[in-house]
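Everything below concerns the one structure shown next.
The values are calculated or read from the model by the stated rules, or taken from the named source; none is laboratory data. Keep in mind that what you see is a predicted model, and the values were worked out from it rather than measured. Neighbour counts are summed over all protein chains in view; Cβ atoms, including those assigned to glycine, are modelled from backbone coordinates with ideal geometry. Quick note on the areas: whole protein, heavy atoms, side chains included, nothing else; ligands and nucleic acids left out. Shrake-Rupley method; radii C 1.70, N 1.55, O 1.52, S 1.80 Å.
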Amino acid sequence: MARILSGIQPSGTLHIANYFAMMKPMIEYQHKNELFCFLVNYHAMTSSLDGDRLRENTIEAAIDFLALGLDPDKAYFWVQSDVPEVTELTWVLSCHTSLGLLERSHSYKDKVARGIVPNAGLFTYPVLMAADILLYKAEIIPVGRDQKQHVEITRDIAIRFNALYGNVFVIPEPRISEEVAVIPGTDGQKMSKTYGNTIDIFEDEASLKKKVMKIVTDSKTVEEPKDPETCSLFALYRLFADTERVERMRDRYLKGGIGYGEVKKELFGLIRDYFQPFRERRDRLSRDRGEVIRILKRGAEKTRALAQETLGQVKKVTGLDYDSI
Ligand code: TRP
């Protein structure tokens with residue numbers, strides 16, 4: 001049983017790229033692994049400061065995970081800030097992290113290049129992420145390609161720490177799923193809140209239809225043969241259709257004779273039906289937020305016991321345990 005850990009920022013409504021890249025694989029891992037899945041609300045603060053929205057997004061993201069099948073009895077499922085030990089460890093790790101390591105972060109440099117005025121939290125984001133991972137001695141970290149460097153930074157910090165004090169931390173491995181690495185949005189760019197091109201998981205039917213209908217394609221006529229490999233519509237279609245259907249659609253693309261409008265109609269139906277079984281549970285949980293909060297608090301309690309154990313070891317080797325003399 002491998003210990004697998006990953007988190008997601010509650011920074012907006014979760015969309016189908018979040019689902020296929022992170023939520024679905026995580027929910028599958030819970031059966032054969034020790035799964036740690038959490039909502040990183042401290043990380044979300046590095047890019048947006050809006051209390052009402054953070055509160056709302058956190059609970060909504062929890063509802064989505066539970067509705068889609070995350071089982072809080074099987075997995076560790078919690079909200080990052082409910083385990084305050086993570087911020088204590090972040091400080092200790094900060095003092096073991098060279099500035100240069102953080103200055104080389106692509107994600108940070110990209111954000112600055114896009115004109116974002118960084119706060120100190122954005123700069124030390126990878127240290128908080130390292131604390132997330134090391135606190136639970138996680139072995140495998142499934143992340144998108146854009147997060148790979150953050151896991152490498154975590155490894156660097158852990159290796160350095162262990163070299164100083166002995167093997168306190170487990171050195172984690174990133175696991176990148178290439179297959180779902182880039183899921184296109186309605187405009188053909190990578191699906192992302194930043195680009196405003198998302199299709200939400202629990203989109204209502206009318207707006208789902210509208211969004212699918214506006215997915216950008218080239219302007220080939222019905223008769224013309226089309227290239228499935230470069231078509232965003234096809235890339236989305238293959239996430240929802242079974243293999244047989246995908247192959248049939250690929251043939252129709254290559255031969256010509258199918259219009260994008262028809263593909264869109266089919267895709268709309270596939271997306272709607274795919275998430276339909278989860279809607280009922282989602283509605284029930286939405287009406288009982290008290291229950292959702294209880295689940296999260298129980299999850300935090302279970303997780304916290306492990307966090308305290310690791311933090312205790314860290315305090316001991318670093319000499320913060322002055323009271324043990
Ligand atoms: N930085 C990750 C992201 O934005 C989220 C995250 C925070 C995370 N802590 C983590 C992912 C620990 C994996 C492990 O996608």
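The table for this structure:
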{"read-out": "HIS15 long-range amide H proximity, modeled H, under 5 Å", "value": "ILE201"}
{"read-out": "Where a label projected 7 Å from the Cα of ASN119 along Cα→Cβ would reach, residues of region 130-156 with amide N under 12 Å", "value": "none"}
{"read-out": "Distance (nanometres) between label positions extended 7 Å along Cα→Cβ at THR221 and SER98", "value": "6.4 nm"}
{"read-out": "Cβ charges +1 (Lys, Arg) and -1 (Asp, Glu), total dipole of region 252-325, debye", "value": "360 debye"}
{"read-out": "With all protein chains modelled, accessible area of LYS74 [1.4 Å, Å²]", "value": "100 Å²"}
{"read-out": "Region 61-176, relative contact order in percent, only Cα pairs under 8 angstrom and at least six apart counted", "value": "26 percent"}
{"read-out": "Helix-only mean residue ellipticity at 222 nm for the chain, each DSSP H run of n ≥ 4 adding -39500 (n - 2.57), per residue, nearest 500", "value": "-17000 deg cm²/dmol"}
{"read-out": "³J(HN,Hα), Karplus 6.51/-1.76/1.60, whole Hz, each residue of region 70-82, x for Gly, Pro", "value": "5, 9, x, 7, 8, 9, 8, 9, 7, 9, 3, 6, 6"}
{"read-out": "Two-site label geometry, TYR165 and GLU244: point separation in nm, points 7 Å out along Cα→Cβ", "value": "5.7 nm"}
{"read-out": "Estimated FRET transfer efficiency (GLN308, LEU254; beta-carbon r; R0 41 Å; 0.05)", "value": "0.10"}
{"read-out": "Extreme residue, positive dipole direction of the chain, given options SER48, ILE258, THR87 (C-beta unit charges)", "value": "ILE258"}
{"read-out": "Added length on full extension, which subtracts the Cα-Cα distance from 0.36 nm per residue, ARG55 to LYS210", "value": "52.9 nm"}
{"read-out": "Separation between Cα centres of region 207-285 and region 12-78, rounded to whole Å", "value": "26 Å"}
{"read-out": "Spin-label pair LYS109/LYS193, simplified geometry with 7 Å Cα→Cβ offset, distance in nm", "value": "2.6 nm"}
{"read-out": "Kyte-Doolittle at least -1.0, axis length at least 15 Å by Cα - qualifying DSSP helices, the chain", "value": "51-68, 120-135, 148-165, 289-318"}
